């Protein structure tokens, strides 16, 4: 029986988002839906409870994932589910708590029906908390936790082993992270381990950003105030060396941690993209009178640092929805050919050429859609997406299932170009595959299943319309989401800011992109202002900034709110000498206190939420203030004066 459980907060959501026992949560996003999995037996007698959601906030119960094993181990821990080529693989640990092994179960659907494969993946006596990571080159790795009994800090740490296939490891686990700090102590005299001082580092989850690998992990004992989540990093996943840890527990605290008398034991996290596929959310459990309950909080990066806006205890803004979400709103779609449309899917009813045209989109946007062919298919039939510019095809991405190929077509210098990509031998065209297309001005980035296909190119014309297409084959598209806006990580090689879509509005100096940063070199006290993106009334703008060099005189950096007529509606100025933030709105000036952890020379994320006549400014999880602004369309500009500022990331999302 399905039951919907959530906190009733009209302005947003309030943690926990599922207030019943749901320990060690992992969330999979598939075809636009979210599936959460937890440790232990479920109410129906199966193991690993499953919840389902469309928005990460409202959850419905879906039953247990699989039947208990025939040999009856009493403990089933930490499930994680990975999808590939029509199959869902559930990795978990089972045993008697002292002896634990990692196994894998398989299903054709995400909401149950998992059957154990009969394979034990690990050889250690104690192995828990499996996590699968797929790198950009398609190689897969299994991270998990195991015991280190000869280490200086005895206890549980994490390792990684390469995966030969979904059910087989290479058998050469390498150390990733072991305990090295006191905050990771689980028990100073752990009796069941012979009375030794026992440490715990467990629950690995891997993210990759700008060539750096991040392992998030939980450390310590949930009953201690020092317990929490931190991370370690490396630039080489194959390096036989421990990753560098971020938190020492004294000068640098865990990024998600217990708040005495308020939040107890937040930990064992995973991470997942929000509904708009831009925002990133930390999914974790925290302890209440109901046990370990499900919570979510927004997370992001500031330079090489991860931060989490939690554990939150006050109402939070709901995860941002995409600009176009699914197929039910007919004002967004125009069909050519025979289509069957529902809220979540679009299906072609014949092999005739069919096109489903989305509303015009201008500028930059992110699109995700899952797609598959409907059997039978053969020959020249194809399906995919088309982008047009003023009615002319700018580029297409097509899958030819009968030829085991993907082909990208694009116009350049009035010539049609193509690039053919051979799909893997086991590629199942009749299974859903995730297509992600990021249009950032003139730059187009495409990925299929994150790693099967990766393509990026700077085109000579922009696109303003998107279509889903099929010809000679029936196809299904599901989980469509289009988000208006852009994200710049400054990874492309072009040094000119114009190639990245930025414009210099005023001021003298030099702006250049190099080594993953946009450098703003302002030669005078007159602000050098850069802008990008369209003017809107409702949007969110985020940027990671640091100050590189100050010159004599009044140095600093900040942000300006620019109206459609080019006038400045607000200015937020951070002075190098004063180390303070000055806000100027409607000729009224006020001083705003910066967080104690703020350092000009380090990257911090500044975020502006603009909704009609209100602007909210924050630095990471710290809200600095909310201000009244003119009832006009605006945009945010970045400025620097009399010095050099570096920008590492900019994200803009229009609502």
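Below is a table of values for the structure above.
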| item | result |
| --- | --- |
| Failed criterion for residue 625 (all others in (1) under 24 Å from residue 534 (Cβ atoms); (2) surrounded by fewer than 18 Cβ atoms within 10 Å (Cβ to Cβ); (3) in contact (Cβ under 8 Å) with a residue 40 or more places away in the chain hold) | (1) |
| Residue among 615, 609, 600 that is at pLDDT below 95, assigned by TED's automatic domain parsing to the domain that holds residue 526 and buried (at least 16 other Cβ atoms within 10 Å of the Cβ) | 600 |
| Sole residue being assigned by TED's automatic domain parsing to the domain that holds residue 354 and either in a strand (DSSP E or B) or in contact with a helix residue (DSSP H, G or I) (Cβ under 8 Å, 6 or more places away or on another chain) (or both), chosen from 387, 427 | 387 |
| Selected residue (only one of 507, 501, 533, 485 is under 30 Å from residue 340 (Cα atoms) and surrounded by 15 or more Cβ atoms within 10 Å (Cβ to Cβ)) | 485 |
| Selection count, the range 394-421, where residues are more than 16 Å from residue 353 (Cα to Cα) and touching a strand residue (DSSP E or B) at 6+ places or on another chain (Cβ under 7 Å) | 16 |
| Residues located in the range 224-247, provided they are surrounded by 17 or more Cβ atoms within 10 Å (Cβ to Cβ), touching a strand residue (DSSP E or B) at 6+ places or on another chain (Cβ under 7 Å) and assigned to a loop (DSSP other than H, G, I, E, B) | 227, 237, 243, 246, 247 |
| Count of residues meeting criterion [in contact (Cβ under 8 Å) with a residue 40 or more places away in the chain and touching a strand residue (DSSP E or B) at 6+ places or on another chain (Cβ under 7 Å)] in the range 68-87 | 9 |
| Which numbered condition residue 363 fails, given (1) modelled with pLDDT of 95 or more; (2) crowded, with 19+ Cβ neighbours inside 10 Å; (3) not in a strand (DSSP E or B) | (1) |
| Single match in 540, 591 (criterion: surrounded by fewer than 16 Cβ atoms within 10 Å (Cβ to Cβ), farther than 20 Å from residue 522 by Cβ and in contact with a strand residue (DSSP E or B) (Cβ under 7 Å, 6 or more places away or on another chain)) | 591 |
| Any hit, the range 521-528, residues being under 24 Å from the mean Cα position of the chain (by Cα), at pLDDT 95 or above, assigned by TED's automatic domain parsing to the domain that holds residue 575 and not in a loop (DSSP other than H, G, I, E, B) | no |
| Residue 207 being within 15 Å of residue 243 (Cα to Cα) and modelled with pLDDT of 95 or more | yes |
| 3 or more residues closer than 21 Å to residue 205 by Cα and touching a strand residue (DSSP E or B) at 6+ places or on another chain (Cβ under 7 Å): qualifying strands (runs of 3 or more DSSP E) within the range 19-67 | 26-30, 33-37, 47-53 |
| Residue in the range 393-416 that is closer than 30 Å to residue 536 by Cα, over 27 Å from the mean Cα position of the chain (by Cα) and without any contact (Cβ under 8 Å) to a residue 60 or more places away in the chain present | yes |
| Flag if residue 250 is out of contact with any strand residue (DSSP E or B) (no Cβ under 9 Å at 6 or more places or on another chain), at pLDDT 95 or above and part of a loop (DSSP other than H, G, I, E, B) | yes |
| Residue 133 vs. criteria assigned by TED's automatic domain parsing to the domain that holds residue 171, surrounded by 19 or more Cβ atoms within 10 Å (Cβ to Cβ) and modelled with pLDDT of 95 or more | yes |
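A quick yes/no check of all residues on (1) within 20 Å of residue 472 (Cβ to Cβ); (2) within 30 Å of the chain's Cα centre (by Cα); (3) surrounded by 22 or more Cβ atoms within 10 Å (Cβ to Cβ):
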{"site": "342", "(1), (2), (3)": "no, yes, no"}
{"site": "349", "(1), (2), (3)": "yes, no, no"}
{"site": "353", "(1), (2), (3)": "yes, no, no"}
{"site": "358", "(1), (2), (3)": "no, yes, no"}
{"site": "371", "(1), (2), (3)": "yes, yes, yes"}
{"site": "375", "(1), (2), (3)": "yes, no, no"}
{"site": "383", "(1), (2), (3)": "yes, yes, yes"}
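Condition check ((1) at pLDDT 95 or above; (2) under 22 Å from residue 35 (Cα atoms)) across all residues:
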{"residue": "109", "(1), (2)": "yes, yes"}
{"residue": "138", "(1), (2)": "no, no"}
{"residue": "143", "(1), (2)": "yes, yes"}
{"residue": "150", "(1), (2)": "no, no"}
{"residue": "153", "(1), (2)": "yes, no"}
{"residue": "163", "(1), (2)": "yes, no"}
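Matching residues to (1) over 30 Å from residue 371 (Cβ atoms); (2) surrounded by fewer than 16 Cβ atoms within 10 Å (Cβ to Cβ); (3) assigned by TED's automatic domain parsing to the domain that holds residue 623:
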residue: 284; (1), (2), (3): yes, no, no
residue: 288; (1), (2), (3): yes, no, no
residue: 296; (1), (2), (3): no, no, no
residue: 314; (1), (2), (3): yes, yes, no
residue: 317; (1), (2), (3): yes, yes, no
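The values are calculated or read from the model by the stated rules, or taken from the named source; none is laboratory data. Keep in mind that what you see is a predicted model, and the values were worked out from it rather than measured. Neighbour counts are summed over all protein chains in view; Cβ atoms, including those assigned to glycine, are modelled from backbone coordinates with ideal geometry.
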